[in-house]
Amino acid sequence: MIQSKLPNVGTTIFTTMSQLAVQTGAINLSQGFPDFDGPQALREAVGHHVMAGHNQYSPMTGLPALREQIARKIARSYGRQVDMDEEITITPGATEAIFCALQALVRPGDEVIVLDPCYDSYEPSVELAGGRCVHVPLALPDFSIDWQRLADALSPRTRLIILNSPHNPSGALLSRDELEQLARLIRGSDIYLVSDEVYEHLIYDGARHASVLAHEELYARAFVVSSFGKTYHVTGWKTGYVVAPPALSAELRKVHQFVAFCGVSPLQWALADYMAACPEHVDELPAFYQAKRDLFCDLLAGSRFTFTRAPGTYFQLADYSAIRDDLDDVEMSLWLTREHGVATIPVSVFYQSPPAGLRLVRFCFAKREETLRQAAEKLCRV
């Protein structure tokens, strides 16, 4: 008999709901990926570099040309000068970056604070490092940090706190003032941070992303993780990166080189080319996705769902209490998929202990206009 190292882990809800959408022919607004392609020039660049022979291992830390472009983007977006050789590491996906950061720092018996609801890869990664997650619920209805609960959760065993802003699943944003409050809370400790910022450029209504990269004190103890897949609409490329001070980067790279060693070479070449040629892409993302959010929300206004427009990410939460308060959110998601042809994600799966009476589902609006109109039409009939 195999004694599982992750006995409580099964098939993720994202895989389950996407498979159910295929089986039932439902419109898939569950798993977080676009139903449209990334920029044509970026896709063409991949073919060019494959045919040009850029098909062997790239450096373990990532292609220099791509790391250079990332350093330039960080300087332009957040005003921080980072060393492309010592502080930037390209990884095959942001999830791998988070995994390597946690393996690099978390030791048996350590505690890692996660803010619920949170992404499902965090806890298994901590457990595989021998640590234990301490779950601190975010305050409803705006999914803000409950500072007293966070302070109460700190202990001599606290090794690390995982942040996520813009926040999946809620879309909530951390502010600069909240980063300052966090800095005061952990000042004088040896607590580290993993800041999951994969939706950094998907922020709406004129707001600006408060990145840990722009906070001198917090960056000194942080791994900051981002995703090309989210930024360039190519989630299947599974290419991301992590930025950290030299000493932390060195520890992460010790793990990364034995997990994947390097990212996919022609994809890195293509991304470097596109970032150099089209730096404006990231500046255009907020308006691009806000238009999709607003279209979906305007269409959903004729339904019995209630919601507040998401301030970030490409996810929209909706409360279904007025429709089927007798169903929990897992049952509701299955019912919507099977009976009404729209697949969604129940928010309770992002919690260790969901709040009683939670009646929220998550829709992904990173879809073509036609898809959003068809989905909203179905949802308005529920």
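The numbers here are math on the coordinates, done by the rules we state, and not lab data. All values derive from a computational prediction rather than experimental measurement. Ideal geometry is used to build each Cβ from the backbone, glycine not excepted, and the neighbour counts take in all protein chains shown.
Using the alpha-carbon centroid of each, what span in Å lies between the range 266-315 and the range 88-150? Comparing the Cα centres of the range 266-315 and the range 88-150, I get a distance of 25 Å.
Computed about the Cα centre, the dipole magnitude for the range 168-220 is approximately 80 debye when only Lys and Arg (+1) and Asp and Glu (-1) carry charge, each at its Cβ. Put a plus charge on the Cβ of each Lys and Arg, a minus charge on the Cβ of each Asp and Glu, and nothing anywhere else: the dipole of the range 193-334 about its Cα centre is then about 420 debye. About its Cα centre, the dipole of the chain is roughly 360 debye, where the only charges are +1 on Lys and Arg Cβ and -1 on Asp and Glu Cβ.
Among the listed pairs Lys230/Lys292; Lys230/Lys254; Lys5/Lys230; Lys238/Lys378; Lys73/Lys254, those with a Cα-Cα distance over 22 Å are Lys230/Lys254; Lys5/Lys230; Lys238/Lys378; Lys73/Lys254. The mean sequence separation of alpha-carbon pairs under 8 Å and at least six residues apart, normalised by the residue count of the range 94-238, gives a relative contact order of 22 percent. Residue farthest toward the positive end of the dipole of the chain, with Cβ of Lys/Arg at +1 and Asp/Glu at -1: which of Gln3, Pro354, Thr313? Of Gln3, Pro354, Thr313, it is Gln3. Computed on the Cα atoms alone, the convex hull of the chain gives a volume of 150 cubic angstrom per residue.
Here the spin labels are modelled as points 7 Å beyond Cα on the Cα-Cβ line, and at Ser189 and Ile2 they lie 3.6 nm apart.
Lys/Arg Cβ at +1, Asp/Glu Cβ at -1, dipole of the range 41-277 taken about the Cα centre: which of Leu182, Gly236, Ala210 is farthest positive-ward? Projecting each Cα onto the dipole axis, the largest value belongs to Gly236.
In the range 1-159, a dipole from Cβ-located charges (positive for Lys and Arg, negative for Asp and Glu) runs towards its positive end, and of Ala153, Leu102, Leu140 it is Leu102 whose Cα lies farthest in that direction. Each peptide in 351-358, 168-175, 278-285 was scored by the mean count of other Cβ atoms within 10 Å over its residues; highest first, the order is 168-175, 278-285, 351-358.
Report note on the peptides 223-233, 54-64: ranked by the mean count of other C-beta atoms within 10 Å, highest first, their order is 223-233, 54-64. The equivalent ellipsoid of the range 129-235 has semi-axes of 23, 16, 15 Å, largest first, where each one is the square root of 5 times an eigenvalue of the Cα gyration tensor.
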